[in-house]
Amino acid sequence: MTLTAPSRPVQVTETIAEVRAAVHRARAAGRRIGFVPTMGALHAGHISLMTQAGAEGDFVVVSIFVNPTQFGPAEDFQRYPRPRETDLQLCAQAQVDAVFYPEVETMYPPGHRTYVEVAGLSNTLEGAIRPGHFRGVATVVTKLFHIVQPDRAYFGLKDYQQFTLLRLMARELDLPIELVGCETVRDPDGMALSSRNAYLSSDQRQAGLALSRALRAAQTLVAEGVHELDVLQRAMQRELDQTPGIEPDYAVIVDPDSLSPLTAVQPVMVALVAGRVGTTRLIDNQILRLSGSR
Ligand code: AMP
């Protein structure tokens with residue numbers, strides 16, 4: 001990735017007290033706090049969230065924490081990439097003000113037993129395939145929100161179910177934080193950027209492209225005036241089925257807020273696709289709007 005903006009010093013904090021002190025100083029100086037939670041292995045998708053926070057004039061705090069509670073026992077927690085120095089350099093280049101880089105024991109002292117669960121939304125789609133995943137996400141984001149106490153928090157719409165669930169959680173827990181959903185950053189061939197793309201061989205990457213192709217197929221049909229839900233879903237499924245090397249998990253069109261299945265098209269919908277390429281899981285999504293809908 002080439003970034004040309006000059007770096008500026010970024011304060012790296014590892015304890016809760018340190019990051020709170022940095023936030024306290026910024027707030028005392030009249031700044032609003034913008035927060036970007038990440039698991040590191042940063043790419044242009046993450047950077048776009050940081051840039052958006054900076055563009056709002058926020059004091060930008062980024063957390064980098066590979067959260068063990070959102071990984072299943074057979075998932076990639078151990079092998080998840082942790083390129084600390086590169087990540088800190090990228091944060092500096094993106095004009096981030098402070099990075100919170102805690103140890104696992106800081107976030108989860110021995111004996112930790114308190115979890116946050118968003119009923120229903122946690123158990124469908126990604127949640128059905130990755131039991132406990134969203135409980136881990138909701139728990140760590142709640143903890144990070146309490147630690148950083150931001151005014152605004154920036155999330156990628158690439159993880160659409162995660163964003164929907166966290167927005168609902170913030171509302172139901174009366175958290176005074178505005179959640180901002182940011183557009184998915186893609187490679188020129190359409191592939192959504194993901195830290196997990198680093199696991200893919202070039203053949204596997206070709207297979208992974210079926211996800212964005214499936215979404216484009218649905219989008220094109222909608223633009224052509226096709227309004228039969230099953231035709232749209234079948235077109236997505238066909239794209240996945242006919243691509244060698246990808247095992248589809250789901251290809252569905254659902255309500256954009258409840259993520260419930262639809263029986264007929266409606267003005268705004270979201271198409272969600274997921275599949276496995278080798279041992280790597282990939283997800284993607286696309287908002288679908290019938291013509292004339294905003
Ligand atoms: P992660 O490090 O995967 O937990 O992602 C941290 C944040 O970056 C989440 O809010 C993601 O939705 C967001 N993100 C990941 N990939 C992209 C992308 N390609 N475009 C925009 N945001 C992204």
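Expressed as an acute angle from 0 to 90° and rounded to the nearest 10, what is the orientation of the C-alpha long axis of helix 84-93 relative to the principal long axis of the chain? Helix 84-93 sits roughly 90 degrees off the main axis of the chain.
One chain, two ends: residue 29 and residue 79. Fully extended at 0.36 nm per residue, the span grows by 13.9 nm beyond their Cα-Cα distance. Computed from Cα atoms, the angle from the helix 160-172 axis to the main principal axis of the chain rounds to 50 degrees. If you take the Cα centroid of the range 135-176 and the Cα centroid of the range 104-130, the two points sit 12 Å apart.
Between the Cα long axis of helix 202-223 and the first principal axis of the chain there is an angle of about 70°, rounded to the nearest 10.
The range 192-232 to the range 233-294: how many Å between their Cα centroids? Here the two parts' Cα centres lie 8 Å apart. Compactness check for the range 11-141: Cα Rg over 2.2 N^0.38 Å is 1.12. Per-residue packing, averaged as other Cβ atoms within 10 Å, sorts the ranges 91-102, 248-259 into the order 91-102, 248-259, beginning with the highest.
Of all DSSP-defined beta bridges confined to the chain, some 50% are antiparallel rather than parallel. A simple packing score, the average count of other Cβ atoms within 10 Å per residue, orders the peptides 16-27, 120-131 as 120-131, 16-27, with the highest score first.
One quarter of the surface of the convex hull around the alpha-carbon atoms of the chain equals 15.9 nm², the direction-averaged projected area. For the pair the range 19-45 and the range 58-86, the centres of their Cα atoms are 17 angstrom apart. Using θ = phi - 60° in the Karplus curve 6.51 cos²θ - 1.76 cosθ + 1.60, the 3J(HN,Hα) couplings for the range 26-37 round to 5, 5, 5, 8, x, 7, 8, 10, x, 10, 10, x Hz; x is entered for Gly and Pro. Loop-resident trypsin sites (Lys or Arg not before Pro) (DSSP state other than H, G, I, E or B) in the range 56-147 with no more than 11 further Cβ atoms inside 10 Å of their Cβ: 79, 113.
With contributions of -39500 (n - 2.57) from each DSSP H run of at least four residues, the per-residue ellipticity at 222 nm computed over the chain stands at -11500 deg cm²/dmol.
Panel order for 38, 279, by other beta carbons found within 10 Å of each beta carbon, from fewest to most: 279, 38.
What residue among 175, 208, 164 has its Cα farthest toward the positive end of the dipole of the range 162-217, where the charges are +1 on Lys, Arg and -1 on Asp, Glu, each on the Cβ? Positive-most Cα among the choices belongs to 208.
For the range 157-241, what class follows from the C-alpha gyration tensor (a ≥ b ≥ c being the square roots of its eigenvalues): rounded when a/c is under 1.5, otherwise prolate if a/b is larger than b/c, else oblate? Judged from the Cα gyration tensor, the range 157-241 comes out oblate (a/c at least 1.5, b/c at or above a/b).
Bear in mind these aren't lab numbers, they're just calculated from the coordinates by the rules spelled out. These numbers come from a predicted model, not from an experiment. Cβ atoms come from the backbone with ideal geometry, glycine included; neighbour counts cover every protein chain shown.
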